[in-house]
Amino acid sequence: MSAVISTHAPVSDTWTFFEGAWHQGNVAIMGPRTHGAWLASTVFDGARAYDGGAPDLELHMARVNESARRFLLQPVVSHETWMGLAREGIAKFPLGTAIYVRPMYWADTGMIGGGVMFDPASTRWCLCLYEAPVPGPRKLDITLSPFRRPTIETAPVDVKGGCLYPNNARALHEAAGRGFDNALMCDMLGNVAELANSNVFMVKDGVVMTPAPNGTYLAGITRQRTIKLLRDAGETVIETSLRYADFQDADEIFSSGNFAKVSAITGIDERKLQPGPMYRKASALYAEFALGCRL
C-alpha cells in the first residue's frame with residue numbers, strides 16, 4: 001500500500017512514520033476494508049513534547065505496547081524503536097513547538113471471511129506527531145453526565161482503545177448541549193470515575209481526593225505523576241470512592257490528562273469555582289517536573 005495524503009480536512013503541521021518512511025500531512029493509513037477503520041480494532045497512546053522536554057515519554061511508549069497485548073493485537077514495534085522514532089519526529093518540528101505524539105496499532109484484516117474477530121497477525125502501526133498547543137488557563141465548567149463508564153466485562157477498559165472514545169464523545173456533546181465544557185462520568189455503581197476526557201481530582205479541607213482505580217477507566221500516566229508529585233511535596237492524596245455530591249461540595253476541582261496536563265475546573269453545575277492553592281501547587285509541580293524531562 002502506498003501512502004496517500006488526505007486533503008479532506010485542514011490539519012496542523014503533521015509528520016507520520018508509516019510503512020518505513022516519514023510522510024508530511026494527513027497520511028491515509030486505512031482503507032474501507034481495514035478492520036481497524038470498520039470495526040475499531042485500534043489502540044493508541046498520546047505523549048507530549050513541549051518546552052524542550054517530553055514528560056513520561058517512555059511510559060507512554062511502553063503503554064501502547066501493553067495496550068496492544070491486552071487487546072490481543074501483536075505489539076510489533078519494540079520500545080526502543082518507538083523511542084527512537086519519537087525523537088526523530090520531534091526533531092522535525094521547529095524548536096519550542098508543542099507537539100502531540102501518538103503511536104498507534106490496528107488490525108488490518110478479520111478472520112473467517114474478514115469478520116468481527118480480527119487477525120492478530122495482521123497488526124499494523126504508525127507514529128503520528130502533530131503541532132498541538134498545550135491549553136492555558138480557561139473556563140472549564142462541568143456537570144454530571146447521564147452516560148456511564150463500562151466495566152471490563154462490557155468493554156476493553158484496560159487499554160487505551162479507540163472503541164472507548166465514542167461513549168466519551170457523546171458525554172461531551174450532551175454536556176455541551178446544556179452549556180457545559182465537560183462532564184463527570186460515573187461507573188455502573190454510581191461512583192464518579194473520571195471526566196469525559198481526563199482524570200479528575202477534588203480538594204476538601206486541604207485533602208486531595210481522586211476516584212480509586214476500579215477497572216472502569218484508565219488511571220492515566222499524568223494522573224499517577226500528579227499524585228506522586230503532590231505526595232512527595234508532603235500533601236495528602238487519597239484514592240477512594242467518590243459520589244457526585246462530593247464534587248458538588250468540593251473546595252477545589254482540577255483535572256489531569258496528557259493533552260492539557262493539569263487544569264482547574266471553574267464551575268460545577270451552577271456553582272462557580274476559583275483555581276485554588278492545591279491546583280496551583282499541582283500545576284507548578286508538574287511544570288517543574290516537565291522541564292526536567294529533556295530529550
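The values are calculated or read from the model by the stated rules, or taken from the named source; none is laboratory data. In this text the structure is predicted, and so the values were computed from the model without any measurement. When we count neighbours, we look across all protein chains shown, and the Cβ atoms used for this are built from the backbone with ideal geometry, even at glycine. When the accessible area is computed, the model is the full protein with side chains, heavy atoms only, and any ligands, DNA or RNA have been set aside. Shrake-Rupley method; radii C 1.70, N 1.55, O 1.52, S 1.80 Å.
Some notes on this structure:
- When residue 53 is tested against (1) open to solvent by 60 Å² or more (accessible area, probe 1.4 Å); (2) at pLDDT below 95, exactly one condition is not met: (1).
- Any hit, segment 65-72, residues being out of contact with any Cys (no Cβ under 8 Å at 6 or more places or on another chain), part of a loop (DSSP other than H, G, I, E, B), free of Cβ contacts under 8 Å to residues at least 24 places away in the same chain and open to solvent by 30 Å² or more (accessible area, probe 1.4 Å): no
- Count of residues meeting criterion [of a type in the set (A, V, I, L, M), open to solvent by less than 30 Å² (accessible area, probe 1.4 Å) and within 17 Å of residue 211 (Cα to Cα)] in segment 174-194: 5
Let's see how each residue does on (1) in a loop (DSSP other than H, G, I, E, B); (2) out of contact with any Ser or Thr (no Cβ under 7 Å at 6 or more places or on another chain):
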{"position": "133", "(1), (2)": "yes, yes"}
{"position": "139", "(1), (2)": "yes, no"}
{"position": "170", "(1), (2)": "no, yes"}
{"position": "180", "(1), (2)": "yes, no"}
{"position": "185", "(1), (2)": "no, no"}
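Yes or no, residue by residue, for (1) under 27 Å from residue 274 (Cβ atoms); (2) outside any loop (DSSP other than H, G, I, E, B):
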{"residue": "152", "(1), (2)": "no, no"}
{"residue": "164", "(1), (2)": "no, yes"}
{"residue": "189", "(1), (2)": "no, no"}
{"residue": "194", "(1), (2)": "yes, yes"}
{"residue": "202", "(1), (2)": "yes, yes"}
{"residue": "208", "(1), (2)": "yes, yes"}
{"residue": "216", "(1), (2)": "no, no"}
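- Residues of segment 100-150 satisfying the condition of being within 30 Å of residue 190 (Cβ to Cβ) and among the aromatic types (Phe, Trp, Tyr): 147
- Note on segment 257-295: residues that are outside any loop (DSSP other than H, G, I, E, B) and in contact with a Phe, Trp or Tyr (Cβ under 7 Å, 6 or more places away or on another chain) total 7.
- Within segment 71-92, being closer than 30 Å to residue 291 by Cα, within 22 Å of the chain's Cα centre (by Cα) and not charged (D, E, K, R) holds for 77, 78, 79, 81, 82, 83, 84, 85, 86, 89, 90.
- Residue match in segment 108-127 (condition: in a helix (DSSP H, G or I), touching a residue at least 12 places away in the same chain (Cβ under 8 Å) and closer than 20 Å to residue 224 by Cα): no
- Count of segment 7-46 residues which are open to solvent by 60 Å² or more (accessible area, probe 1.4 Å) and part of a strand (DSSP E or B): 1
- From the list 12, 41, the one residue that fits, being touching a helix residue (DSSP H, G or I) at 6+ places or on another chain (Cβ under 8 Å) and in contact (Cβ under 8 Å) with a residue 60 or more places away in the chain, is 41.
- Exactly one residue out of 260, 264 is open to solvent by less than 40 Å² (accessible area, probe 1.4 Å) and touching a helix residue (DSSP H, G or I) at 6+ places or on another chain (Cβ under 6 Å), and it is 264.
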